[in-house]
Each structure stands twice: as structure tokens, then as C-alpha cells.
Amino acid sequence: MTEVTPIGSRKSDHIRINLEEDVRSGLTTGLERYRFVHRALPELDLESIDLGQELFGRWLQAPLLISSMTGGTEQATEINRILASAAQQSGIAMGLGSQRVALEHPELVPGFQVRPYAPDVLLLANIGAIQLNYGYGVDECRRAVEMADADALILHLNALQEAVQPEGDTRWSGLLSKIEMVCSALPIPVIAKEVGWGFSKEDVRRLAEAGVAAIDVAGAGGTSWSQVEMHRATDESQRQLAAAFVDWGIPTAEAVTNVCSAAPELIVIASGGLRSGVDIAKCIALGARLGGMAGPFLKAAASSLEETVQVIEELTREIRVCMFAAGAGNLEALGDVELTLAT
């Protein structure tokens, strides 16, 4: 049996807490404020609705991303393999959890090598951007990509989570220039991703100038990692610190529009509290290319591959019916559909 590392122990805590505890943000996604205009006469055939698109050189059968979650433990390895198999079977994208644990403990590398289970999937490698301030550089980023045989690299940004962890990495000054260095050195796209608190317009502009190809907004309204850290806390003062930020962040809908207005050239991935195909369709109408989810897939994968595929099929059907009832025959048309604001 593989020895559990301190990072691996933290990952195990994260899986357990996400499965067992209420870790929702105190905010909503903001998507509930938006409505599609119903088309009583859509002039479309439901079965002809096209959900496909090409992204980063891979063809996706639906605008769905299994968002980055986990890795580094035996349970996480099994979950990742189920998620990868489900993504392959369904033709959707998948992001890996942070690969730092495998970069520092090579014996854990196989847990992130899911390409054999998903040979045709858009697969995203992932490391924490903050590690660039703690000794990581282009070589580590390249190793993460090669380890996973990935099509793009996520650099995830989790400043608030690090700040409320007793073991957190909190030296964030000078990070942008290092992100720019990675973007210019790697031959594949770099994606900047939050973990649940969204992006401001100013940060979007800075990241666009640094050379990122896409932003995964991961806005507020879903899992709050400060709430996760609250449940991990071993003393009351640390628990109170994390709990204070339950209402923190930029809601997902606002974060999507922030990217679209501040840097319209960037590819937008919407995530953060999405719970239905209608939510995903709304995000695409707001300007996103994909909708990402983590929690629903984690719960399904902890059960079985069949349940995971069923979740994907249900979401895909919801997107298709939503497009049909909104009069959009393909994703490009969905992107042109106007949403109304609820009063």
C-alpha cells in the first residue's frame, strides 16, 4: 500500500469533507436571475440539435467539463479512472486535480495517468500557480503536462484557501510575471482557474496580457473551499477564520461576464455552483464555451462508472432540450441567444 503523504492526507480530507459535509457558499451563482426567452415555435428538430465543438484540438460531443478535483491517494486514483472512462464514453472534457503531490512523490504519478482510459478526451493537467513562488518553474509545469499526456495546463489560483489553511502558501507577490513566463515557454495552452471565488475584470486583463489562453472562472455559488477548510480545522480560532468567508467571492454569472467584457479574446469556461444543463446553457449564452462541474461528478464517481455516465447523459439531455426550447440549433447559435433578467 502506498504511504500517505501530508499532501495526500489533506487530499483525503478534502474528498471526505466534500462527500459528507455542507460546504456550499453562502452566495448564489447569480444564474437564477437570468431567463431564456421561450420559443413556442422553435423551427428545429430536437434530434438535430448539435452540441459538438472543437476546443484545443479535441472534438467534444457536449459542452461539459469534469472539473479538477482530486489525486494523490488510492481512492482518488480510482475516482480519476472512473471519471476519465466516463469522459471518454461521453465525449466530454476532463480536468485533473492538482499534480503537485505526484511531482513531489513520483510513486503517486500513476494516479494521474488516466490517458489510457481516455485516449480521445480533452485532458487538462493542473498545478497550483502559487507553487511558482515556491520553487516551481517551467520544468515542473512541463513534467505535469507530460505525466498526464495533457492537451493544456491549468494553473489554479486559490489565494483565499491558502490564507485560511494553517499550512497555506501565502507569498503571492510577483506571481503574475511567473505565470507569463510559463505561458510563453509551454507549447500548449495555459488556463487560469479559480477554485470557487471568481475573477475580477482587473485580474482578467492582467492574465490575458500574461498570455493565458482561457479562464475557468470557478465563481462563487457552489463549493466554498473556505468552508471545506473550516471542516478541516483542528482548533476553534482557525475554524472561525475560515467560516468568516462563507459569503466571499464573485458569483459565477458575474465572473463569466467579467471575462467576456475585459478580454473577449479569451476562451471562457464556466464553473462554480452549476447544477443543471440549464445552468450550463445559460453560461454559454453569457459567453462561455464549456460548463464545468465537480461535486455532482465526484459523488457519482464515488459510486460507479455507470452512475457517472448517467449524470453526464442527464446533463446533456437538459442542454439539448434547453437549446431546442430557446430556438438554438447549435452552440454558436446558443451563444447568440439573449437572456432576460428576472425582476
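Rule-based calculations on the coordinates, nothing more; no lab input. Please read all numbers here as calculations on a predicted model, not as lab measurements. Cβ coordinates were reconstructed from backbone atoms using ideal geometry, including for glycine residues, and neighbour counts include every protein chain displayed.
Here are the numbers for this structure:
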item	result
For the stretch 106-255, alpha-carbon Rg over 2.2 N^0.38 Å	1.09
Highest-fluctuation residue, Pro189, Pro116, Pro296 considered, GNM on the chain with Cα pairs under 10 Å	Pro116
Lys/Arg +1, Asp/Glu -1 at C-beta; the chain dipole; positive extreme among Thr77, Ala102, Trp248	Trp248
The stretch 85-118 versus the stretch 31-60: alpha-carbon centroid distance in Å	29 Å
Where labels lie 7 Å past Cα in the beta-carbon direction, separation of Ala342 and Gln75 in nm	3.5 nm
Extreme residue, positive dipole direction of the stretch 6-341, given options Ser90, Leu55, Trp197 (C-beta unit charges)	Trp197
15 Å tail of the calculated P(r), the stretch 287-335, as % of Cα pairs	53 percent
Net dipole in debye of the chain [+1 Lys, Arg Cβ; -1 Asp, Glu Cβ; about Cα centre; nearest 20]	340 debye
Compactness of the stretch 207-256 - radius of gyration and Dmax, Cα, Å	14.3, 42
Kirkwood-Stokes translational diffusion coefficient of the chain, alpha-carbon pairs, 4 °C, 1.567 mPa s, µm²/s	65 µm²/s
Cα-Cα pairs of the stretch 187-271 separated by more than 22 Å (percent)	34 percent
Loop-located GluC sites (Glu not before Pro) in the stretch 252-343 whose Cβ has at most 15 other Cβ within 10 Å (DSSP)	Glu265, Glu338
Pair-distance profile P(r), taking every C-alpha pair of the stretch 40-124, with 5 angstrom steps and integer %	3, 15, 22, 19, 14, 10, 7, 4, 3, 2, 1, 0
Descending semi-axes in whole angstrom, ellipsoid equivalent of the stretch 16-67, from the Cα gyration tensor	31, 22, 11
Under 19 Å between alpha carbons - lysine pairs in the stretch 6-341 that sit 8 or more apart or on different chains	4
